[in-house]
Each structure stands twice: as C-alpha cells, then as structure tokens.
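Below you'll find the structure, written out as structure tokens, and then a few comments.
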Amino acid sequence: MATFGGRLWVGSDAGLYVGGPTGGFAPAAGWQSTAAVGALWVDAAGLVVGDGSTLRLSAGDGAWQTLGDLGIGPEHIDGVLRDREGAVWIRTARCMWLLPRGATRAIDISDGLPSHFDLVGAPSGMALDPRGTVLVGTDMGVAYRDGDHWHLIDRSVGMPAAATKSVLVDREGTVWIGAAGLFQMRGR
C-alpha cells in the first residue's frame, strides 16, 4: 500500500487498485495486468510497480510504461525503490538489481549483499534514508550500499536483532526497523 496523489494505492494478488474519493477500491486506471503485484513504490515522480517479473511506471494518470525484459529473468519482483537519481532498485528472491535511469537492462548488484532467504515470500523492506541512501532489510540486519560495496548494520554495531523484514522512514526522517520487535535507528 502507498499513498500518491491524495489516494491510496494497493497492490494485490489480482492487480493494482486505487481508493475512490468516497471510499471503496477500483482497478487502477489503465492497469492491464491481472498478475500479483509484489512491489509498489511511490515518490514525487509517480508509481513504480513490480508486476510478476515486469516493471511498470506511471505518473498516476492512467498511462503506464511497461519495462518487460530487464534481464532479471522470470523471477518475481518482491521489492522496488526509485532513488534520488532516478535509478530503480529491484529485489527478487535471489538477487538485487539496479536499473539506472534511462537504461533498459538491470545490473546484478547482489555480490556482497547478505542473503535474505528467511524473507523470501514476505514483503521485505527497502527505504531511502534522509540522505538518500538505500537501506535494505536482510537476514543479517540492514544493508546499505556505498559506492560498489554493501555494508551491514548488524549486531556488531548494536542492532539487537538479525532478520529485518521492514525498513521505514517517517516524515521526520527517523528510520524504523521491523525485526524481532520494532527498533529506531539513531545516530549516523
């Protein structure tokens, strides 16, 4: 679920739905797929939707750009995020992919990212922190990428739990982590 354009958007097993002005939900305008929506991201530029192994983009106006063969194979998209540079980060059960702005093929950037086998089949978190760093929930804690390397916020730096299923950033820029409990990230 996500809010965009003053309306609630919901991805489901039957497609993408949007809340109406008087309540209730209807299929999103222009949405052509009935595949399960596995991932949904919204930002000022619009919506990014993982629809099976296809990526769909929209400004919320009913027009959808479909990005089919991104090079990720038949894997179901479990998570998406668009960073401040316009690159789309795509998470599948086995890999993390980066689709730079304007590119047509995604790059596998999984090397060095801790596994997320415990999280397969469950929505897992990706978020942008207040500085624009992409944060990713993994079995070992929260990972972030600096240059071409993954780094981990785990027990060695005070993270009390390992498997991170949710990473959220509130309106004030506070990072919240859902693991074996709810944790607030403090400091840098």
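The values are calculated or read from the model by the stated rules, or taken from the named source; none is laboratory data. Owing to the predicted nature of the structure, the values given are computational and were not obtained by experimental measurement. Here the Cβ is made from the backbone with ideal geometry for all residues, glycine too, and neighbour counts use every protein chain on show. Protein only, heavy atoms only, side chains kept; ligands, DNA and RNA dropped before computing areas. Shrake-Rupley method; radii C 1.70, N 1.55, O 1.52, S 1.80 Å.
State the number of residues belonging to region 17-45 that are in contact (Cβ under 8 Å) with a residue 40 or more places away in the chain and either assigned to a strand (DSSP E or B) or touching a helix residue (DSSP H, G or I) at 6+ places or on another chain (Cβ under 6 Å) (or both).
5
Any idea how many residues of region 80-118 are modelled with pLDDT under 90 and either assigned to a strand (DSSP E or B) or in contact with a helix residue (DSSP H, G or I) (Cβ under 6 Å, 6 or more places away or on another chain) (or both)?
1
Restricting attention to region 18-56, and to residues there that are on the phi > 0 side of the Ramachandran plot and exposed (fewer than 12 other Cβ atoms within 10 Å of the Cβ), which single residue is modelled with the highest pLDDT?
It comes out as Gly24.
Any residue that is at pLDDT below 75, open to solvent by 40 Å² or more (accessible area, probe 1.4 Å) and among the small types (Gly, Ala, Ser) - is there at least one of those in region 141-157?
no
Residue by residue through region 25-80, note down the ones that are of a type in the set (D, E, K, R) and within 23 Å of Ser166 (Cβ to Cβ). Before the answer, list the steps.
The first filter runs over region 25-80 and keeps only residues of a type in the set (D, E, K, R), leaving 43, 51, 56, 61, 69, 75, 78.
Correct list: Asp43, Asp51, Glu75, Asp78.
Looking at this structure, is Ala59 open to solvent by less than 70 Å² (accessible area, probe 1.4 Å) and either modelled with pLDDT under 90 or under 25 Å from Leu168 (Cα atoms) (or both)?
Numbers: open to solvent by less than 70 Å² (accessible area, probe 1.4 Å): yes; either modelled with pLDDT under 90 or under 25 Å from Leu168 (Cα atoms) (or both): yes.
Considered against the rule, which asks whether it is open to solvent by less than 70 Å² (accessible area, probe 1.4 Å) and either modelled with pLDDT under 90 or under 25 Å from Leu168 (Cα atoms) (or both), Ala59 comes out as yes.
For the structure I just gave you, tell me whether Arg82 is crowded, with 19+ Cβ neighbours inside 10 Å and in contact (Cβ under 8 Å) with a residue 12 or more places away in the chain.
Judged against the criteria, Arg82 is a match.
Which numbered condition trips up Thr92, out of (1) among the β-branched types (Val, Ile, Thr); (2) within 22 Å of Arg145 (Cα to Cα); (3) free of Cβ contacts under 8 Å to residues at least 12 places away in the same chain?
Looking at each condition in turn, Thr92 falls short on (3).
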